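Notes follow once the structure below has been shown.
Please treat every number below as a calculation from the coordinates, not as lab data. Note that the coordinates shown come from a computational prediction; the quantities given were computed from them, not determined experimentally. Note that each Cβ is placed from the backbone with ideal geometry, even for glycine, and that neighbours are counted across all protein chains shown.
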Amino acid sequence: MDDTVPPRGRTRPGTRSLLAQLGRGACMGAADVVPGVSGGTLALLLGIYDRLLAAISGGSHALGRFARGDVHGGLRRLREVDWWFLIPLMVGLVTTVVLLAGVIEGALIDHPEPMAGLFLGLVVASVVVTRREVAWSPQRLGGAALVGIAVFAGLGYQGAPITDPSAPVLLASGAVAVCAMVLPGISGSFLLLMLGMYSAVIGMVDERLVGDAVVFGVGAIIGLACFSSLLAGLLERRRNDVLAVMVGLMVGSLRVLWPWPHGVGVVSRHEGEAVGGAGLGWPDATGGLVAPTALAVAAVSVVLVVDRLARHRN
């Protein structure tokens, strides 16, 4: 598959290419709904990561021109974006997120411990995948350990998940979570889970709360505009340091995903009941151990297989 940026003025692709692009977007959307699986990793696997990053960067540069009052320059930048690539990809991604939101929310409420085991396995696998990318030194290892310990301790004081987020919180959450589209190995849903916003955003999508969705989407656009170039620059100049910090963040945050006693912190949208997810314990009976453990092992296996395929392709 050609992973280069097409020249300006590219002709419209055929129906088969558009359907394939919709399918790629659907795969990325399915990944983005589940904490621990990164849409960026799927983009690598599908051979479209460089092209996606170029399209996002082009769009962010256009927004920057508009913000400075350079309308002509902004329009010129927009014309250079590969819209025939980007639009069907986003349509497939958003459609899949909407379709899966209700399923994920129901599973979190009805089966919290098994779902926590699934998410725990996904994030453990993400740690394994990301640590391979780091040229470890004693300083980076120490920094990652400090970050992990600080996050693990801090999450012990985490309150219940946010049940009714304000507009600024939604805006900031969208800006932070969308960074996962730029960083393979980092899941946007995982970041939302860290912020206590995962259940709120899933409910927002499932219940078609258009106003909240618009605010969240604006935050995502701002996040891409502000962070895509910054993150690309940081990864280019200090890649190993940035990834080491991310490994520490993911390891420390596993506390939120520990299956027992309550599973992932969730909010019942119908009963208004919030359950914190930072407690640590063990299952009361052997039966409560089997399903979370089996799903964790399965999740680790799936992510490692996906990573292996992505490495083979690239």
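Using DSSP to call loops (not H, G, I, E or B), can you name the trypsin sites (Lys or Arg not before Pro) in segment 124-155 whose Cβ has at most 13 other Cβ atoms within 10 angstrom?
Here the sparse-neighbourhood loop sites are 132.
³J(HN,Hα) across segment 139-152 via Karplus (A = 6.51, B = -1.76, C = 1.60, θ = phi - 60°), whole Hz, x for Gly/Pro?
5, 5, 5, x, x, 5, 5, 4, 4, x, 5, 4, 5, 4
Put +1 on the Cβ of every Lys and Arg and -1 on every Asp and Glu Cβ in segment 19-142; which of 101, 137, 63 then has its Cα farthest towards the positive end of the dipole?
63
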